[in-house]
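Colleague: Please find one structure pasted underneath; my questions will follow.
The values are calculated or read from the model by the stated rules, or taken from the named source; none is laboratory data. What you are looking at is a predicted structure, and each value in this text was computed from that prediction instead of being measured. Virtual Cβ from ideal backbone geometry, glycine too; neighbours counted across all protein chains shown.
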Amino acid sequence: MSVVISLTDIRRVFTMGDQQFEALKGVSFDVSSGEFVAIMGASGSGKSTSMNILGCLDLPTSGRYLLDGIDVGGMTTNQLADIRNKKLGFVFQGFNLLARTPAVENVELPLVYAGLASKDRRKKAMMAMEQVGLSGKENNHSGQLSGGQQQRVAIARALVNDPAVILADEPTGNLDSTTTEEIMGLFTSLNRQGITIIMVTHEHDVAAYAGRQITFKDGRIISDTQTIHTGKTA
Amino acid sequence: MNFLQTVKIALRALRTNKMRSFLTMLGIIIGIAAVIAMMAVGTGASYVISQQIASIGSNIILVMPGSTTSGGLRTGTGGAQTLSSDDAKAIMADCPSVAYAAGTVRTAGQIINGNLNWSSVIMGGSPELFDIREWPVVNGRPINQQDEDGAIKVCLLGQTVAENLFGSADPVGSIIRIKKIPFTVIGILDRKGQSPQGQDQDDAVFVPLRTAQRNLVRSQRSGIVSAIIVKAKSEESINKAEDEIKALLNQRHRITNSKEPDFSTRNLSEILAVAEQSSKAMSMLLGAVASISLIVGGIGIMNIMLVSVTERTREIGIRMAIGAKKNDILLQFMTEAVMLTMLGGLIGIALGAGGATVVSKLLGWPTMISIQSITIAFFFSAAVGIFFGFYPAKKAAGLNPIDALRYE
Ligand SMILES: Nc1ncnc2c1ncn2[C@@H]1O[C@H](COP(=O)(O)OP(=O)(O)OP(=O)(O)O)[C@@H](O)[C@H]1O
Ligand SMILES: [Mg+2]
């Protein structure tokens, strides 16, 4: 399998006034195409910080990050925006849909910035909506959708551009257990279709859906284990 | 991202806060409406003034009798009977910069045609008068030298007089009575409109000067005129002509340095130029006031856009995470600001045009709404949006996506 993500000795130092804080202290790991990775760890261990770097929303203080073979370090903000648009899909804990905007238009949004014509956008967005099982809810605003449905819209939005990786930071953090199962079922089925997923979670049973668990502690990886019973082999 | 999409997003944002958008636009609406109304009144006024300049005729100098002192009582300008037909003839013959000079007398009286009567101004003037005032006869014939020399009782009617005495009938050849004396109508003068003083210039009857002097006005001596109206050869020679006239009349009237002249001269186009200047100054003043209100409106736009950027920090974060570039965000907020001001501009143009029309209907002011002023107002409102929208948009585009996404 080809390597989609390769982190080598990533460090991230935050400077606040005269104080310095090293949130990531040399993180290295590779993710191959088609993997489903769960990132675990205590609060403040650096999970979100590494997700932001993986998502090209933040740049590491030092270290090398190759995304799809391309070195992300030293890119301009416009190039990073392009990478986020074309190679990455984001799913957030708080859904982060645009208010008072129909679901389908939320899903279309990455395609708007990709410069697609409105007809093609609509077609792709409808397909993504179908993929997450939300056909028929295209015109509902976020206020007219349940939490699980909102997260499905967000997943459709992350999918719509055929990204190399979907990055999800605590995607089930705001959901109850039944809805969590639904969303994780959706992630599993997407992963079976060959989509690479990296997901942060606090819960072990959520992490169990992934084929690989990486655990952080104080800005370092303390364990990286493969489970056999889930993923493609199940 | 294409432009249409940007406009759509901006429209949606404005629609979600209709009341706020409207209140924000109000400053621009008022400013633009003021600009449009002010320009309509201003151009209307200067159009009327330039019409009046044209109606008087170009390069005109008016020679009026001066004041006299008789038994300790001074009369006002024009009260004395110091100018004569001979003065007019001398000016025309001896002043090289003068094209024409015509003596005139002026009186008022009742004019009767059958059972219709009308009170009007009666002007006596030598035939040159109509060349000077560039006032053609549209029906019939003008007053000629024979009429003048023979003091024939013929007259030309202004349009207003003709309408009031004859209605739609053709007056030429009819006999009318002016101050009870019968005159033959030989022609109708072209329509002139209002004078700079607001009088209807078509409400007048013209007779040969000598006819008027003999039959219609009383004077101490024969050949007295109430004014001499002079046309200079060209615009450049007006001042020279005025000097020549003064020198000639001083000599003819034996005015020395110790004696006050018994006449005065006035350059009409100069007076009108002053009137036009002051109407322009007035427009500029109103324009300045309008610009200030536009600036105030623009600051209001900037204020609301800053609030909007803060409120929508999370949205900006989402858009950036999903692939919006700095320029996309900048353009989005700029478009919002410009659409606010352009919409305000359009409403302002409609209100200003409406207001100008109401003013012209109610107060009778002449107003003119030019395409030019509408275009200027429109682009000005867009410029206000660009200028005052830039800072908030720049602020939005400069946000860090991680911070923006975390913003509550
Ligand atoms: N912008 C920042 N400036 C300073 N310190 C920061 C910044 N962002 C994160 N940190 C610090 O870096 C450490 C790692 O934060 P991070 O958000 O990655 O934690 P996390 O593992 O995602 O925790 P949680 O499970 O609570 O979300 C924390 O101690 C945090 O205080
Ligand atoms: Mg976190």
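Colleague: Could we say that A:N96 is crowded, with 17+ Cβ neighbours inside 10 Å, without any contact (Cβ under 8 Å) to a residue 12 or more places away in the chain and within 16 Å of ligand 2 (Cβ to nearest atom) here?
Modeller: Values: crowded, with 17+ Cβ neighbours inside 10 Å: yes; without any contact (Cβ under 8 Å) to a residue 12 or more places away in the chain: no; within 16 Å of ligand 2 (Cβ to nearest atom): yes.
Spelling it out, it is not the case that A:N96 is crowded, with 17+ Cβ neighbours inside 10 Å, without any contact (Cβ under 8 Å) to a residue 12 or more places away in the chain and within 16 Å of ligand 2 (Cβ to nearest atom).
Colleague: What's the number of the only condition in (1) under 19 Å from B:R312 (Cβ atoms); (2) away from chain B (no Cβ under 12 Å) that A:K137 fails to meet?
Modeller: (1)
Colleague: Residues in segment A:69-86: is at least one closer than 30 Å to A:L145 by Cβ and within 16 Å of ligand 1 (Cβ to nearest atom)?
Modeller: Scanning segment A:69-86, I find no residue that is closer than 30 Å to A:L145 by Cβ and within 16 Å of ligand 1 (Cβ to nearest atom), so the answer is no.
Colleague: Hand me the list of strands (runs of 3 or more DSSP E) wholly inside segment A:141-230 holding 3 or more residues that are within 14 Å of another protein chain (Cβ to nearest Cβ) and at pLDDT 95 or above. Before the answer, list the steps.
Modeller: Working: elements: A:165-169, A:196-200, A:212-217, A:220-226.
Per the criteria, A:165-169.
Colleague: With B:S219, B:S226, B:S234, B:S293 as the choices, which residue is in contact (Cβ under 8 Å) with a residue 12 or more places away in the chain and closer than 30 Å to B:L330 by Cα? Before the answer, list the steps.
Modeller: Working: B:S219 fails: closer than 30 Å to B:L330 by Cα; B:S226 fails: closer than 30 Å to B:L330 by Cα; B:S234 fails: closer than 30 Å to B:L330 by Cα.
The unique qualifying residue is B:S293.
Colleague: Every residue in segment A:49-97 that is within 12 Å of chain B (Cβ to nearest Cβ) and closer than 16 Å to A:R11 by Cβ, please. Quick ask: steps written out before the conclusion?
Modeller: So the first thing to find is which residues in segment A:49-97 are within 12 Å of chain B (Cβ to nearest Cβ), and the list is A:49, A:51-53, A:55-59, A:76-97.
The answer is A:T49, A:M51, A:N52, A:I53, A:D58, A:L59.
Colleague: Based on this model, can you work out whether A:S45 counts as within 13 Å of ligand 1 (Cβ to nearest atom), part of a loop (DSSP other than H, G, I, E, B) and either surrounded by fewer than 21 Cβ atoms within 10 Å (Cβ to Cβ) or not charged (D, E, K, R) (or both)?
Modeller: yes
Colleague: Now for a separate question. Restricting attention to segment B:360-379, and to residues there that are touching a helix residue (DSSP H, G or I) at 6+ places or on another chain (Cβ under 7 Å) and not polar (S, T, N, Q), which single residue is surrounded by the most Cβ atoms within 10 Å (Cβ to Cβ)?
Modeller: B:A377
Colleague: OK, next. What number goes with the only condition from (1) of a type in the set (A, V, I, L, M); (2) over 27 Å from B:V35 (Cα atoms); (3) touching a residue at least 40 places away in the same chain (Cβ under 8 Å) that B:L286 does not pass?
Modeller: (2)
Colleague: Give the residue that is surrounded by the most Cβ atoms within 10 Å (Cβ to Cβ), with candidates limited to residues of segment A:99-139 that are within 19 Å of A:M184 (Cα to Cα) and touching a residue at least 12 places away in the same chain (Cβ under 8 Å).
Modeller: So, considering only residues that are within 19 Å of A:M184 (Cα to Cα) and touching a residue at least 12 places away in the same chain (Cβ under 8 Å), the one surrounded by the most Cβ atoms within 10 Å (Cβ to Cβ) is A:A128.
Colleague: Here are some conditions: (1) touching a residue at least 60 places away in the same chain (Cβ under 8 Å); (2) near ligand 1 (Cβ under 9 Å from one of its atoms); (3) over 20 Å from B:L399 (Cα atoms). A:M51 meets all but one. Which one does it not meet?
Modeller: All conditions are met except number (3).
Colleague: Something else now. Listed residues B:E276, B:E260, B:E242; which is touching a residue at least 24 places away in the same chain (Cβ under 8 Å), in contact with a helix residue (DSSP H, G or I) (Cβ under 6 Å, 6 or more places away or on another chain) and acidic (D, E)? Lay out the reasoning, then the answer.
Modeller: On the way: B:E260 fails: in contact with a helix residue (DSSP H, G or I) (Cβ under 6 Å, 6 or more places away or on another chain); B:E242 fails: in contact with a helix residue (DSSP H, G or I) (Cβ under 6 Å, 6 or more places away or on another chain).
None of the others qualify; the one that does is B:E276.
Colleague: Which of the residues spanning segment A:13-42 are near ligand 1 (Cβ under 10 Å from one of its atoms) and of a type in the set (A, V, I, L, M)?
Modeller: Of all residues in segment A:13-42, those near ligand 1 (Cβ under 10 Å from one of its atoms) come to A:13-16, A:19-24, A:39-42.
Matches in segment A:13-42: A:V13, A:M16, A:A23, A:L24, A:I39, A:M40, A:A42.
Okay, residues lined up against (1) within 16 Å of ligand 2 (Cβ to nearest atom); (2) of a type in the set (V, I, T):
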{"site": "A:S33", "(1), (2)": "no, no"}
{"site": "A:S43", "(1), (2)": "yes, no"}
{"site": "A:N52", "(1), (2)": "yes, no"}
{"site": "A:D68", "(1), (2)": "no, no"}
{"site": "A:K86", "(1), (2)": "no, no"}
{"site": "A:V91", "(1), (2)": "yes, yes"}
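Colleague: I'd like to check something: does segment B:273-290 contain any residue that is touching a Gly at 6+ places or on another chain (Cβ under 8 Å) and either part of a strand (DSSP E or B) or buried (at least 20 other Cβ atoms within 10 Å of the Cβ) (or both)?
Modeller: yes
Colleague: Between residues in segment B:305-320 that are at the interface with another protein chain (Cβ under 9 Å from one of its Cβ atoms) and residues that are part of a helix (DSSP H, G or I), which pairs lie under 6 Å by C-beta distance while being six or more apart or on different chains?
Modeller: B:G317/B:P401; B:G317/B:A404; B:G317/B:L405; B:M320/B:P401
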